[in-house]
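Inspection log for the structure reproduced underneath, given as structure tokens.
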Amino acid sequence: MLLSYLKLAWRGWQRRKFFTAISLFGISFTLMMLVVLFALFDHAVGARAPERHTDRLLFISRMVLRGPESQSSSSLGYNFLQRHVLTLRTPEAIAVSEAYPINITLYVGQQALKADRRYTDSNLWRVLNFDFVAGRPYTATEVRDAAHVMVLNETVARRCFGTAAAAVGRAVQLEGRPYQVVGVVADVPTSRELTYAECWLPVTTTTADLQDPNNQRNYLGDFQAVVLARQAADVPAIQAEYQQVLRRLPIPDPEQFKEIRSYARTPLAHYMANHSNDAGQDGDAAAFWRRWVGLGLLFMLLPALNLVNINVSRTLERAAEIGVRKAFGATAGRLAGQFLVENVLLTLVGGVLGLGLAAGVMHLLNSSQFIPYAHLSLSAPVFGVGLGLALLFGLLSGAYPAYKMSKLPANQALKGRITA
Amino acid sequence: MIRHIFTLMWNRRRANGLLVLEIFLAYVVLFAVGTIGSSLWENYRQPLGFRFDNVWQVNFLPGTQPKAEALGTLQQVLARLRATPGVLGVAVTASNTPFSFNDSRTAIDFADRPGGPKRPINNINSYAVGPELRDVMGLEVTKGRWFDQRDAVAGSHPPLVIDEQMQRAMFPTGESALGKLLTLNKDKQWRIIGVVRAYRTDGELKEPLPAIFGPIAPADTLFLPQSLLVRVAPGSGAALEKRLADDIRRIGPGWTSTIRTLDEMHSSQLKQVITRPLLLSVMSIFLLLNVALGLFGVLWLAISARRAELGVRRALGAPAGAIARLIVGETLALTTFGLVLGLLVAVQFPLLGALGERTSVYLTAIALAAGALYLLATICALYPSRLAAGIRPAVALREE
Amino acid sequence: MQPQPTTAPAPPAATATPPVIQLTGIEKVYQTSTIETVALSNVNLSINRGEFVSVMGPSGCGKSTLLSLMGLLDEPSGGTIAIDGRPVGSYSDKELAGLRNHKIGFVFQSYHLINDLSVRDNVELPLLYRPGIGGSERRRRALAALDKVGLTARTGHFPAQLSGGQRQRVAIARALVGEPEIILADEPTGNLDSVMGEEIMDLLLGLNRAQGTTLVMVTHDEQQALKTGRLVRFFDGRQVA
């Protein structure tokens, strides 16, 4: 049965090569785009280094102070994190780092190099899973003693010293002081908004004032906390514990503000919240999916309509053949089924082509460094989503023509006179 | 003939419904691209107002140094930088420097004449800059004067420079804003002393916004600017950069600084602004190509399904040219149906003022998209129409 | 078509009016890559004004080809076709289209109406290809033609809503509307039952008698053929009677 379907499908495609080509073009390019978009999304939030345990990671990176007339929002103060977040009891470990990477200049001899830095504590290396290419992370002792040590990413290390291994132990001038490179990690792409940097430094070596005693009540600042749960199931408990801490906190400047809002968010929720001050703990996931799935479907609609139109035209062209089949006893359902199988097969072939094209585009994106340090690839979820979309596309574009075909009366079909 | 074609297409509306829907969607895509494209073009055509080659931005943080001390240190730093060979000029500025993504916006309720009705001027870029900015950035003063020694003497109304966009926003009728008073921050009144061409720090692709400039006098003790714009000699490089950074650190204990060239900031800003429109254009071109191929295919198939009809038309006395025109005309009629639907959607944008884009941009986009749609449809119909014109009536009529 | 001088030779010895259509030594050969089929061989035939001629013969004898040639839808492989005494061999596509439009009306076995046009729009069709006739004039003439075939009540209907006989009447009205000198009918009753066929036949005979319309009709029906003024028989591409 299936074999005969396949044979018929093959012959159908052969008969009108041009239309097969048009269909394949539409399907493969649509899927290519969707796959690349999904790959970009996956690249930003999927489980990959350094955020390998996406199900156990939480980021506390932002606080919004709300009042009836004013609103103030920022990342968090170092002091606030020390007093109210590092004291959380449920998580396995908590790290503190600068919330946004800052561009600095490194000097190696006479060579100057721009790099994005983050000040961090030593816990960051435990909570996140950086791939060390050479050397080691800096230790708690080094952070406590404000040792001038640093971790570089591979590209910067190579640019400074030729190879990653050669960088370890060497000195880099930063803000007039020599820092010793203790480790080199694999590049983190910029799309990893919360963890990207090119250069990591012990937070204690900063010249900025971390413990401003006059500002006990100021919760806002330049830092974020990275929280690792013992297991995925603990995530809600941690979020609840953090909310409880916030409820007990006095509101800074109560004349102006009435409410403190801050959440411990998963990387996905952070991504979906998209820096909106109004997003909830889950990053308004429902709205996010509605919007993107809607847009995706809309994007698929035009090529699908196109395919439907071509398919309908071809159905009418084949009306005589359909009439003969009907006259010899083929049921409407069977004819429609055959057509649907033919179309789904075509879209699957288009899907495979689309994945191939997507791989090419990703390679191009990677090598062009359009997104710095991007390493897009056809991972398993991307591959699965691609084939799933192809299938959906096939059903979407095949259903209506198949329905029309099954409705075609045998006598009219034989005469080949169909008006609508 | 045109009526005939429209009648025919109207009677075939059910059969062609999906095609019309497709054309409609294609129009919406074209309209979206047209809007973004003409908006960017419109913005790009406006003067940028400054030159950014060989200009560096120096951002510094005074660390734990108290503000009063930091102000003194800053004067030392400025003196040192100005004395450095290779440095042609240094201007202090608030952090909203060109291409920095930082902005400082304000809104004014403005009355043309004292006691007159007030209307809001929104989204004004407000700059606090040192008097050296004009020379460092190459600002062009078109009316009045830029800040100078006279402004060092504190008068009753501090001086203010505006740009031409702001002049137009204040006096659409063309009356000069020079010498007029502008109320900022509720009570304080500023006197307008000059007009510059523009200072579009948001970049050449962003919508030009009105701008106002307040001076940072050397004697200012309230405001600590944390950015410098430095014009350097052409060809200056890492050596000068290191020297500037070292000097700043040496003079200000605990000070840290970041130096970037405006060239580099411009490229990264441009990249960020252009990425989405570029992505959208690529996707749209692909979608339109898809639509074009599909339309072409459908028209082609339709010709073979209509051989008998076209044969009859030939038999009844239609020359080959008339058949070709019929096919193109039918396609354009279908396009018109889709276009009408699309226009219904498109005109909502200027009517409702949605998305805050200028009406002229929408109108350009509507016209461009309509033209492109007709062009697309015509190209798709050309080959099928030739095919149709080549039908031999004797053969076509015998087939059935 | 070879470019030739367009000035037609003077009509042969102006006796009376020349025949509406004159075929002289017509040959028609269909050529495919493998075989050559002779459809017509040395056909000489004149149709005079006011005549009603039937063409009979078995399937494949070349009578439809003959009609296509007379209707200027096809070119002969040899011989000349003259309309009103002027040979058309050197005419361009545009000139041929003009002749078809002005001088010739067609009626087909399977009607060949355009399904998406109303009866009136179908009938107007030939006038559409005649420049200089306005919409209201077209409409008036279409209604007049429909009146002649007795279908004035159905002008707004679509072909799918009509019976076979009614459709053929519409087709005849369409052939009449341009007031051609000759109507070529290819088995006009072939798709109709005998009652409807009879009606159509009566209509055509009436047009011929009452208005003097020249008619050439291909038919299979001996009875019908005998009612017409002249009967021409074909066999294997040759005129046998």
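The values are calculated or read from the model by the stated rules, or taken from the named source; none is laboratory data. If you're wondering where the values come from, they're calculated on a predicted model, not measured in any experiment. Glycine gets a Cβ as well: all are built from the backbone with ideal geometry, and neighbour counts include every protein chain shown.
Before moving on, here are some points about what is shown:
- Taking every residue in region C:70-85 that is farther than 25 Å from B:A308 by Cβ and pairing it with any residue that is at pLDDT 90 or above and of a type in the set (S, T, Y), at least 6 positions away or on another chain, the pairs with Cβ-Cβ distances below 7 Å are C:G79/C:T24; C:T80/C:T24.
- Residue in region A:207-214 that is part of a helix (DSSP H, G or I), over 16 Å from A:L65 (Cβ atoms) and in the same structural domain as A:R62 (by TED's automatic domain parsing) present: yes
- Top-ranked residue of region B:177-227 - restricted to ones that are assigned to a strand (DSSP E or B) and among the β-branched types (V, I, T), ranked as nearest to B:A70 (Cα to Cα): B:I212
- Evaluated against (1) within 23 Å of A:L365 (Cα to Cα); (2) away from chain B (no Cβ under 14 Å), A:R159 falls short on exactly one condition, (2).
- Put simply, of B:L205, B:L279, B:L270, B:L228 the only residue that is farther than 30 Å from B:G115 by Cβ, crowded, with 21+ Cβ neighbours inside 10 Å and within 32 Å of the chain's Cα centre (by Cα) is B:L228.
- Enumeration of residues in region A:331-351 that are touching a residue at least 24 places away in the same chain (Cβ under 8 Å) and among the basic types (K, R): none
- The sole residue among C:A142, C:A153, C:A175, C:A171 that is free of Cβ contacts under 8 Å to residues at least 40 places away in the same chain and crowded, with 16+ Cβ neighbours inside 10 Å is C:A142.
- Selection of helices (runs of 4 or more DSSP H) fully inside region B:344-400 by the criterion of at least 3 residues being surrounded by 14 or more Cβ atoms within 10 Å (Cβ to Cβ) returns B:359-389, B:393-398.
- Of the set (1) among the small types (G, A, S); (2) touching a helix residue (DSSP H, G or I) at 6+ places or on another chain (Cβ under 9 Å); (3) at the interface with another protein chain (Cβ under 10 Å from one of its Cβ atoms), all apply to B:S39 but (3).
- Residues of region A:283-332 satisfying the condition of being under 30 Å from B:I303 (Cβ atoms) and among the aromatic types (F, W, Y): A:F328
- Of the residues making up region C:41-92, those that are over 12 Å from the mean Cα position of the chain (by Cα) and at positive phi are C:N42, C:G50, C:G57, C:G60, C:G62, C:G79, C:D84, C:G85.
- Any hit, region B:252-274, residues being within 30 Å of B:T378 (Cβ to Cβ) and more than 9 Å from chain A (Cβ to nearest Cβ): no
- Taking residues in region A:275-301 that are away from chain B (no Cβ under 14 Å), and partners anywhere that are outside any helix (DSSP H, G or I) and surrounded by 13 or more Cβ atoms within 10 Å (Cβ to Cβ), the pairs with Cβ atoms closer than 6 Å and at least 6 places apart or on different chains are A:N277/A:V64; A:N277/A:S73; A:Q281/A:Y263.
- Yes/no for B:K180 being touching a strand residue (DSSP E or B) at 6+ places or on another chain (Cβ under 7 Å) and free of Cβ contacts under 8 Å to residues at least 60 places away in the same chain: yes
- Any hit, region B:46-67, residues being of a type in the set (S, T, N, Q), within 14 Å of another protein chain (Cβ to nearest Cβ) and surrounded by fewer than 14 Cβ atoms within 10 Å (Cβ to Cβ): yes
- B:I162 vs. criteria among the β-branched types (V, I, T), surrounded by 15 or more Cβ atoms within 10 Å (Cβ to Cβ) and at pLDDT below 90: no
- When C:G98, C:G79, C:G105 are checked against the criterion of being assigned to a strand (DSSP E or B), facing chain B (nearest Cβ under 9 Å) and at pLDDT 90 or above, a single residue qualifies: C:G105.
- Scanning region B:53-87 for residues that are of a type in the set (G, A, S) and in contact (Cβ under 8 Å) with a residue 12 or more places away in the chain yields a total of 4.
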